[in-house]
1. Have a look at ASN253, ASN191, ASN184 and point out the one that is closer than 14 Å to TYR317 by Cα, in contact with an Asp or Glu (Cβ under 8 Å, 6 or more places away or on another chain), among the polar types (S, T, N, Q) and in contact (Cβ under 8 Å) with a residue 40 or more places away in the chain.
2. List pairs: first residue in segment 155-172 and assigned to a helix (DSSP H, G or I), second residue among the small types (Gly, Ala, Ser) and at pLDDT 95 or above anywhere in the structure, Cβ distance under 6 angstrom, at least six positions apart or on different chains.
3. Can you pull out the residues in segment 303-317 that are touching an Asp or Glu at 6+ places or on another chain (Cβ under 9 Å) and part of a loop (DSSP other than H, G, I, E, B)?
4. Looking only at residues that are closer than 22 Å to ILE132 by Cα and among the aliphatic types (A, V, I, L, M) in segment 195-217, which one is surrounded by the most Cβ atoms within 10 Å (Cβ to Cβ)?
5. List every residue pair whose Cβ atoms sit under 6 Å apart, with the two residues 6 or more apart in sequence or on different chains, where the first one lies in segment 86-105 and is farther than 19 Å from PHE60 by Cβ and the second, anywhere, is hydroxyl-bearing (Ser, Thr, Tyr) and buried (at least 18 other Cβ atoms within 10 Å of the Cβ).
6. So for segment 140-158 (the condition being acidic (Asp, Glu), under 23 Å from ILE233 (Cα atoms) and not assigned by TED's automatic domain parsing to the domain that holds THR65), does at least one residue qualify?
7. Would you be able to say whether some residue in segment 150-159 is surrounded by 16 or more Cβ atoms within 10 Å (Cβ to Cβ) and among the polar types (S, T, N, Q)?
Amino acid sequence: MSEYYHPRYSNVTRSRKRKSSRAGWWIFFIILMLGLAGAWYGYRTFLTDNVYTASEKEAFINIPTGSTFQEVKQTLYSHGLIINRKSFELAARLQKYEQAVKPGRYRLTDDMSNLELVRLLRSGNQSPVKVIFNNIRVPEQLAGRISKQIEADSVSIISLLNDSSFLDTLGVTRSSLFTIIIPNTYEFYWNTDARAFMKRMKKESDKFWEGPRSEKLSRINMNRHEVITLASIVEKETNKNDEKARVAGVYVNRLKNGWMLEADPTLVFAHGDFEMRRVLSSHKQIDSPYNTYKYRGLPPGPICLPSIASIDAVLDYENHDFMFFCAKEDFSGYHNFARTLEQHSLNAWKYQQALNRRNIYR
């Protein structure tokens with residue numbers, strides 16, 4: 001028996017198939033468009049440039065310890081570093097940066113995407129800062145200078161420098177503190193605290209004295225404390241590196257002969273008047289262990305943070321028979337050296353007359 005064929009039924013079936021096929025293509029097209037739109041939105045969110053550093057190629061931001069995501073956003077936005085804030089915040093949330101904020105100093109470039117920025121901030125891969133300090137008189141001044149370069153504030157640094165228990169672990173006292181701090185350029189992470197800074201200084205000091213300098217200490221029969229203390233006096237006597245070894249030689253001669261050092265910079269330190277330009281007889285009466293006109297030998301500790309040039313000048317002090325020196329009357333910064341008191345008195349008189357002509361009386 002043959003199968004019954006109905007033409008109308010066949011046409012209806014084919015029509016339904018065509019409609020179903022078109023609907024499928026439309027669904028596929030819509031899904032494709034949504035996928036492309038999602039991909040484009042994802043690309044815009046994660047991969048397009050979203051950091052703006054103006055005319056500079058880079059910018060640095062500091063994220064303090066304990067910062068929240070809200071505070072990080074405020075830092076970025078206040079400096080105008082983010083082009084599209086919404087996309088940055090979405091990228092940060094998707095990468096869960098809110099729970100992974102790390103303190104530090106970070107380098108941002110003008111071509112960074114949100115993905116690169118958030119990954120950098122999440123990683124904690126911060127850029128180090130170059131910490132520089134010199135021409136320091138007292139610990140308070142050191143604290144102020146350092147606090148402008150790393151996260152540790154001056155109060156926390158001063159507090160630590162006054163902590164005798166902590167100083168004991170470093171093998172120093174308040175008066176000998178500067179014997180373990182060598183002025184130089186050091187790399188630190190910005191979020192370094194006061195304790196970590198001081199421990200690093202001790203480590204760098206020990207490294208500084210390794211090798212040839214340690215051998216020189218033995219040769220001149222002095223210890224680190226004595227060398228740094230004498231170097232601090234040399235530092236304040238002259239800023240001319242080419243005569244520092246000669247100045248150091250004068251003081252070594254005085255020490256060897258049991259003379260008082262009679263170093264004017266120690267009187268300036270004792271009085272705490274660092275603007276003093278002329279030391280008078282009245283200044284020599286102060287009762288202070290730093291008064292080298294009254295007490296023999298070296299003072300209790302450094303009167304400033306001496307430069308490496310001054311330290312090396314003491315280690316390599318010039319071997320001569322000069323016992324006196326006085327600033328030259330031409331105000332060149334150099335000194336006249338003398339073997340006898342008579343020669344020195346004449347040099348001193350010339351300099352005093354030059355001061356009088358310039359109306360410098362204190």
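1. ASN253
2. SER156/ALA194; ILE157/ALA143; ILE157/ALA194; ILE158/ALA143; LEU160/ALA194
3. Selection gives ILE303, CYS304, LEU305, PRO306, SER307.
4. Restricting to residues being closer than 22 Å to ILE132 by Cα and among the aliphatic types (A, V, I, L, M), the top hit is MET198.
5. Partner pairs satisfying both residue conditions: SER87/THR45; LEU90/THR45; ALA91/THR45.
6. yes
7. Yes, the conditions are met somewhere in segment 150-159.
Per-residue answers, yes or no, for (1) more than 30 Å from PRO128 (Cβ to Cβ); (2) of a type in the set (Val, Ile, Thr):
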| residue | (1), (2) |
| --- | --- |
| ARG219 | yes, no |
| ALA231 | no, no |
| VAL250 | yes, yes |
| MET260 | yes, no |
| THR266 | yes, yes |
| PRO299 | yes, no |
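The values are calculated or read from the model by the stated rules, or taken from the named source; none is laboratory data. Bear in mind the structure is a predicted one, so any value in this text is a computation, not a measurement. All Cβ positions, even for glycine, are placed from backbone atoms using ideal geometry, and neighbour counts span all protein chains on display.
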